Amino acid sequence: MSFLPGWHVLRWTLRSATCTVLSRRQNIPQQPVMSTCRLYCSTDRRTNQPSLSPKQLQPGRDLSLQALLDMGFTDAQADQILEQANRSRGSKIENAASMLMTLFVLGLNTSSVVKVLQKCPEVMYVNGTHLQQRIDNLRRLGLLEGSLQRVVSHYPPILTLPLKRVNMVARFFREKCAFTVQQVTEILRDSPAVLQTDLGQLEYKFQYAYFRIGVRQPEMVKSKLFRVTLDEVRCRHSFLERRGLYQTPDKKGQTCIINPKLNDFLNVPEETFLNDIAKATQEEFEVFQKLMAKEWQEEDDEQERDTGADSDDDDDDEEEEEEEDLKSGYSKRK
């Protein structure tokens with residue numbers, strides 16, 4: 001049995017390994033050139049979250065089909081965005097790319113971004129810098145990661161509101177309604193539409209719940225009071241009250257009956273409210289709603305008449321004052 005020198009064994013081993021590697025590489029199919037077009041904007045298949053390169057982050061880039069594809073949108077999603085843009089303000093939209101990048105940085109994936117633009121097309125025309133400022137302001141108000149993304153996805157118009165409006169509503173809840181900072185955060189998280197609601201209506205709803213229903217701030221937040229319309233609040237409460245199932249607490253917070261919790265009769269479907277709380281039929285509640293609507297309309301008409309009479313009295317007073325001024329001026333000239 002003959003033995004090979006050491007260097008022959010080493011050369012033979014290296015040559016065999018090289019041949020094996022080359023043979024394996026020959027069996028690997030070549031990747032098409034177009035597969036590298038999204039190399040710098042790849043998409044995670046689990047989250048559909050694009051990984052953006054500095055090229056896509058350029059704020060001045062125009063909105064185009066290729067730009068949207070580079071961002072990670074599918075062909076159908078890109079066509080949908082462009083169609084919406086053309087239908088609204090033409091094919092060229094300034095700062096649209098920076099707006100999309102801001103939404104990506106927020107943590108929204110391409111599907112969520114498309115849904116946001118479907119619900120609120122006005123978001124497309126918000127400058128990326130202004131959009132980021134509004135997002136940062138919502139974080140300062142307590143909407144942190146997770147809650148912030150859910151609020152934006154559920155109620156995209158929140159991104160179109162100026163900082164002054166958002167901060168004014170938050171300050172209103174703290175100063176006028178005595179909610180804590182944490183309670184204000186919960187209201188904005190559960191009922192973001194309050195940011196576009198008239199402050200007078202919000203104040204009336206709060207006072208109605210506080211004085212007429214007799215509940216305090218923690219229960220208002222728990223029941224998501226500001227998600228329900230004022231008419232619905234008054235109607236359900238008045239229906240229970242006139243059926244003897246609810247009583248306004250006295251100054252000490254005491255009642256002769258056990259009132260149902262606000263969350264139990266307000267934050268439930270109508271069927272549950274009627275069957276479990278009011279113990280009434282659908283027909284009875286519908287008749288009551290019609291009577292209440294008529295009663296409220298009469299109250300509004302009477303209030304308008306009183307307002308008109310007050311304005312007429314003010315006009316008469318002003319005319320009398322003008323006549324007196326004219327007479328006094330005439331007397332002085334004499």
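Derivation of every value follows stated rules applied to the coordinates shown; laboratory data play no part. If you're wondering where the values come from, they're calculated on a predicted model, not measured in any experiment.
An ellipsoid equivalent to segment 217-294, defined through the eigenvalues of its Cα gyration tensor, has semi-axes of 20, 15, 12 Å when rounded to whole angstrom and sorted largest first.
Tell me, how many Å apart are the Cα centres for segment 242-306 and for segment 127-152? Using only Cα atoms to place each centre, the spacing works out to 37 Å.
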